[in-house]
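Reviewing the structure listed below.
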Amino acid sequence: MEPSDPPFLTFYKKLFDNIPSTKGNDIEALHEANECDDQFEHELPLIDLSCLNQDGFRSEECKREIAEAAQQWGFFQVVNHGVSSEILENMRCEQVKAFKKPFQEKVNGIREFDFLAGNYRWGTPSATCLRQLAWSEAFHVPLTHISTMGGDTSFSTTMKQYTKIVSNLAEKLAEILAEKLGQKPGFFKENCVPSTCYIRMSRYPFCPISPQVFGLVPHTDSDFLTILHQDHVGGLELLRNGKWIAVNPKQGTLLVMIGDLFQAWSNDVYKSVEHRVVANKHFERHSVAYFLCPSYETVIESCGGSSTYRRFSFGEFREQVQDDVKRFGHKVGLPRFVL
């Protein structure tokens with residue numbers, strides 16, 4: 001382990017000490033749960049967003065493809081998205097530098113990166129067994145922190161460039177999906193605010209006990225949609241029809257995932273996709289995700305037809321998720337809000 005790595009093996013020692021006594025069914029079940037079927041990887045939706053700038057027919061066809069992918073997969077890949085390869089590479093390099101800092105410096109606040117202070121996370125504090133432990137570390141940075149960055153460093157410049165483009169892209173995609181539901185434009189611009197939208201820069205250190213733990217445990221996202229850029233090291237998997245499917249990295253591609261709020265808001269038309277990251281025994285992995293979230297006061301109300309879910313605010317949803325994780329060690333999510 002590197003000096004910059006979180007102390008997983010010592011902090012979660014009790015969980016690892018239980019491995020011999022649970023070698024039977026629990027570990028076998030985890031191995032079985034980790035098995036991935038990547039034979040369908042080539043079928044994952046890939047959408048060229050440059051078509052949105054073409055004539056009416058081609059633009060409408062592209063919007064239809066976006067909505068169809070959100071309905072059938074809850075996930076799609078996009079190219080010609082507006083984020084240059086230079087910005088993507090700069091973003092990767094800058095976050096690698098931040099994660100290379102000593103562990104205690106990341107916890108206490110990196111001197112030259114004031115905006116990261118207090119935003120560092122690692123592991124899973126609520127974990128009571130290995131299946132709940134995430135072998136990863138991350139910086140969760142609200143957009144308000146990024147917009148108020150001081151100085152003219154390469155990190156601040158890159159973060160501002162990346163965030164501006166990706167936040168506009170997220171809002172554009174969300175409005176297209178709303179349009180296909182017959183909704184009036186403006187909902188996301190009005191309700192998704194910088195204080196609740198955020199960037200999560202993640203690092204997954206190589207894991208000596210893989211595959212007994214996840215890099216990121218299976219979950220759905222608690223937002224409207226997520227835009228993700230991953231590096232060349234694979235590990236991200238999606239659950240489809242009961243099978244885990246590998247999302248192999250494609251250069252220059254961004255991944256879009258529908259979150260819980262969009263599933264509830266669309267009354268189950270769009271699907272919030274369960275995904276995970278498998279720990280890697282030999283290589284570390286980096287990714288950066290943008291989360292499109294509304295203000296805590298925003299009310300999520302299903303549009304059209306007989307509603308599957310009761311009305312709830314985003315703040316209420318977050319509180320319920322946090323309470324469930326604290327009590328049960330995992331997120332329950334939308335089933336809590338079914339009528």
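Kindly indicate whether any position in the range 254-265 is in contact (Cβ under 8 Å) with a residue 40 or more places away in the chain and surrounded by fewer than 19 Cβ atoms within 10 Å (Cβ to Cβ). Taking every residue of the range 254-265 in turn, none turns out to be in contact (Cβ under 8 Å) with a residue 40 or more places away in the chain and surrounded by fewer than 19 Cβ atoms within 10 Å (Cβ to Cβ).
Do you know which of the residues in the range 187-219 that are hydroxyl-bearing (Ser, Thr, Tyr) and buried (at least 21 other Cβ atoms within 10 Å of the Cβ) is farthest from residue 322 (Cα to Cα)? Per the stated criteria, the residue is 204. Restricted to the range 33-77, and to residues there that are of a type in the set (Gly, Ala, Ser) and surrounded by fewer than 17 Cβ atoms within 10 Å (Cβ to Cβ), the residue that is modelled with the lowest pLDDT is 33. The number of residues in the range 128-155 being of a type in the set (Val, Ile, Thr) and in contact with an Asp or Glu (Cβ under 9 Å, 6 or more places away or on another chain) comes to 1.
Go through the range 94-125 and give me each residue that's on the phi > 0 side of the Ramachandran plot and either in a helix (DSSP H, G or I) or at pLDDT 95 or above (or both). Selection gives 123 alone. With respect to residue 272, determine if the residue is outside any loop (DSSP other than H, G, I, E, B), surrounded by 22 or more Cβ atoms within 10 Å (Cβ to Cβ) and touching a residue at least 40 places away in the same chain (Cβ under 8 Å). So residue 272 fails the test. Here the condition is being touching a Pro at 6+ places or on another chain (Cβ under 8 Å), hydrophobic (A, V, I, L, M, F, W, C) and under 26 Å from residue 219 (Cα atoms); of 133, 116, 143, 88, it holds for 143 alone. Taken as a whole, the structure leaves residue 239 outside the set of residues that are of a type in the set (A, V, I, L, M, F, W, C) and in contact (Cβ under 8 Å) with a residue 40 or more places away in the chain. Within the range 295-309, being of a type outside the set (Asp, Glu) and in contact with a strand residue (DSSP E or B) (Cβ under 8 Å, 6 or more places away or on another chain) holds for 296, 298, 299, 300, 302, 308, 309. Residues that are in contact with a helix residue (DSSP H, G or I) (Cβ under 8 Å, 6 or more places away or on another chain) and either surrounded by 15 or more Cβ atoms within 10 Å (Cβ to Cβ) or among the polar types (S, T, N, Q) (or both) within the range 304-317 comprise 308, 309, 312, 314, 317, listed in sequence order. All told, residue 194 meets the bar of being more than 30 Å from residue 282 (Cα to Cα) and in contact (Cβ under 8 Å) with a residue 12 or more places away in the chain. When the range 102-122 is filtered for residues that are surrounded by fewer than 17 Cβ atoms within 10 Å (Cβ to Cβ) and out of contact with any Asp or Glu (no Cβ under 8 Å at 6 or more places or on another chain), the ones remaining, listed by number, are 102, 104, 105, 107, 108, 109, 112, 114, 117, 118.
Kindly indicate whether any position in the range 297-314 is assigned to a helix (DSSP H, G or I) and without any contact (Cβ under 8 Å) to a residue 60 or more places away in the chain. No, the range 297-314 contains no residue that is assigned to a helix (DSSP H, G or I) and without any contact (Cβ under 8 Å) to a residue 60 or more places away in the chain. Every test in (1) without any contact (Cβ under 8 Å) to a residue 60 or more places away in the chain; (2) on the phi < 0 side of the Ramachandran plot is passed by residue 91 save one, and that test is (1).
The values are calculated or read from the model by the stated rules, or taken from the named source; none is laboratory data. Everything quoted here is computed from the prediction, not taken from an experiment. With ideal geometry, Cβ positions are generated from the backbone for all residues, glycine too; neighbour counts draw on all protein chains shown.
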